[in-house]
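Values quoted throughout were computed directly from the atomic coordinates according to the rules given, and no laboratory measurement underlies them. As the structure is a computational prediction, the values presented were derived from the model and not from experiment. Here the Cβ is made from the backbone with ideal geometry for all residues, glycine too, and neighbour counts use every protein chain on show.
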């Protein structure tokens, strides 16, 4: 992703017509963080959910599938304990 702004405590990346802002001073964890530790979830809407899950799994990511009455998501926990989700859109 192209860097829009980079500073000592904040970086901003161009992200498909929007931006992703990353700030310093976060807390890493070797397991999923609680909502109090990290109330933010990155959720990516994907057109081909099963293919996206397979690709991530093939690359070594552990994707947990969770079904709800409103849809199915794939949950990934990044190396610092942050939650990332995929949903078919």
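Of 23, 32, 55, the residue with the greatest mean-square motion in the GNM of the chain, using alpha carbon springs below 10 Å, is 23.
Sorted ascending by nearby beta carbons within 10 Å, beginning with the fewest, 64, 85, 9 become 9, 64, 85. The order of 3, 46, going from fewest to most other C-beta atoms within 10 Å of their C-beta, is 3, 46. Axis angle, to the nearest 10 degrees, between helix 49-58 and the longest C-alpha principal axis of the chain: 70 degrees. Using only the Cα atoms of region 1-52, build the gyration tensor, take square roots of its eigenvalues as a ≥ b ≥ c, and label the shape rounded, prolate or oblate: rounded if a/c is under 1.5, else prolate if a/b is larger than b/c, else oblate. Because a/c hits 1.5 or more and a/b fails to exceed b/c, region 1-52 counts as oblate.
Could you put 4, 59, 83 in order, starting from the residue whose Cβ has the fewest other Cβ atoms within 10 Å? Provide the component values of the computation, followed by the final result.
Working: 4 13, 59 7, 83 16.
Lowest count first: 59, 4, 83.
Summed over qualifying helices (DSSP H, 4 residues or more, each -39500 (n - 2.57)) and divided by its residue number, the chain shows a 222 nm mean residue ellipticity of -3500 deg cm²/dmol.
Would you work out if region 32-89 is rounded, prolate or oblate? Take a ≥ b ≥ c from the square roots of the eigenvalues of the alpha-carbon gyration tensor; rounded if a/c is under 1.5, else prolate when a/b is larger than b/c, oblate otherwise.
Cα axes put region 32-89 in the oblate bin.
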